[in-house]
């Protein structure tokens, strides 16, 4: 593979600084380079990544990514070293500009180079979503810009499905949804893809599903799990009330309810929720392993109720 090299002008343009600043960084030892026999500075792509990672450089490397994406060794090194902040910066810049294709390319390249879906979603997607939400709450990003970013990320996850390996059916069935007033579907679509990669048959009700609708599907299809994404809940008390109702319905058919959220939602009756088989997930890694959290006896009891 031909090594990717940049000159001082390339780096100054990409990082949006003067050439003198780039030269000063190299003289100070912050940015690695080597000199040609003629004395010209040359920069390796991986050293530019390292510089942005070490110094938390504020300019997104989105202009660098098209060249870097073709160099698998660099992508693998970032994954091995867990320098996820660089990839998150790329994802963030692409999303707020609505560049769906760049998001798909990023997700595809890291996945093909060994990053698992739980790591991709926990270390790149969710930090990007949080950064977007925080900027919106602080008034630095409008609601329209936030929606543009979320839509681009949602499309990116859907299109990633084309390259993700999906095994033969495991025989497990899951309903996925968000309850009532929640409108964002990025995490939901990521969860659907993750479950499909685990061999699940996924029945996706999308955003804003009512407890009655979910209950009807539980009765008709008797899934093993109901996965509820609750990352943008506007009314906690109303959400908990509907979640308690869903737990009751699910328990009647041996279905376990799994709530995904980074907040500690607690139902009015915690013991009732546990008895109903409710689980809490704070990461996509939790989602990937939740099916192994139940005991053989619990699973057998659930199967017996379905039959």
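Stretching residue 140 away from residue 21 to a fully extended chain increases their span by 40.0 nm, per 0.36 nm per residue minus the current alpha-carbon distance. Working from Cα pairs under 8 Å separated by at least six residues, relative contact order for the stretch 5-160 is 19 percent. So how far, in whole Å, is the C-alpha centre of the stretch 133-201 from the one of the stretch 3-38? Taking the Cα centre of each part, the stretch 133-201 and the stretch 3-38 sit 39 Å apart. Normalised by residue count, the stretch 5-160 yields a Cα convex hull volume of 113 Å³ per residue. Put a dot 7 Å past the Cα of residue 158, heading toward its Cβ, do the same for residue 216, and the two dots end up 2.3 nm apart. The ranking of 124, 103, 290 by Cβ neighbour count inside 10 Å, starting from the fewest, reads 290, 124, 103.
Rg and Dmax over the alpha-carbon atoms of the stretch 71-174 stand at 14.6, 46 Å.
Between residue 248 and residue 54, the FRET efficiency estimated from the beta carbon spacing at R0 = 51 angstrom works out to 0.45.
The numbers here are math on the coordinates, done by the rules we state, and not lab data. What you see is a predicted model, and the numbers here were worked out from it, not measured in a lab. We place every Cβ from the backbone using ideal geometry, glycine too, and count neighbours over all the protein chains shown.
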